[in-house]
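Worksheet for the structure shown next.
Laboratory data are not the source of any read-out in this text; all were calculated from the coordinates shown. Note that the structure is a prediction, hence the values are computed from the model and not measured. All Cβ positions, even for glycine, are placed from backbone atoms using ideal geometry, and neighbour counts span all protein chains on display.
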C-alpha cells in the first residue's frame, strides 16, 4: 500500500467514527490506526477499542514485549492476569491461540499511559499454527479500553482477523 493510501486511511478512520453510532461497540483497528486521536474519538463516542500495538510505537512496543516476556517466564506470579486458550482445526491445519490480558497498572512505569484515552488493559496473543509442512508462531500485542478479560478481548480480535481474512 502506498503512503498516500495509508495517510488517507488514517484521516478516514476519525471521519468514519464521527458518522457512526458506536455506543457500546468494540472497535478493533490494526497498527496503522493505533493513534491517540483515534482512541480519543472512540472513547468520546462511548465505544471501546482494541488497537494493535506494533513497532510503529517503538518505545511502548518494546516495553510491553519485554514486560510480557519476563512475566510469562515467571508464570505471571503476583500479576492479575486473565488467560484464555482456543484450539481450532480445519483446512489441514491446527491453530492454538492463547490470550493474556493484564490491567495497564500491572506494568510499572508504563510509557505515557495518559495519552491513550480510556486505556485499561494490555494484551498479548500467541498464535501457533501447525500446517502439514511447517509450524509458525506469531506474537501480537494490543492496547484496549476494555477491562482485562482474555475471553472477550480474544473473541473481538478473532472477529477482526476473520473479517480481514475474508
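From the P(r) of region 7-76, could you give the percentage of C-alpha pairs in the tail past 15 Å?
58
Pairs of alpha-carbon atoms within less than 8 angstrom and 6+ residues apart define the contacts here; what relative contact order does region 5-65 have, in percent?
34 percent.
Output the antiparallel fraction of DSSP beta bridges having both residues in the chain, as a percent to the nearest 5.
Close to 90 percent.
Can you compute the modelled spin-label distance between residue 95 and residue 56, with each label point 7 Å from Cα toward Cβ, in nm?
2.2
Can you tell me the relative contact order of region 3-165? Whole percent, Cα pairs under 8 Å, sequence separation 6 or more.
RCO, region 3-165: 22 percent.
Can you give me the Cα centroid spacing of region 94-166 and region 59-82 in angstrom?
Going from one Cα centre to the other spans 13 Å.
Taking only DSSP H segments of four or more residues, each worth -39500 (n - 2.57), what value at 222 nm results for the chain once the sum is divided by all its residues, to the nearest 500 deg cm²/dmol?
Working: 4 runs with 58 residues, N = 166.
Only helices count here, giving -11500 deg cm²/dmol.
Compute from the Cα atoms of the chain the Rg and the Dmax, the latter being the longest Cα-Cα distance, and quote both in angstrom.
According to the Cα coordinates of the chain, Rg and Dmax are 16.3, 47 Å.
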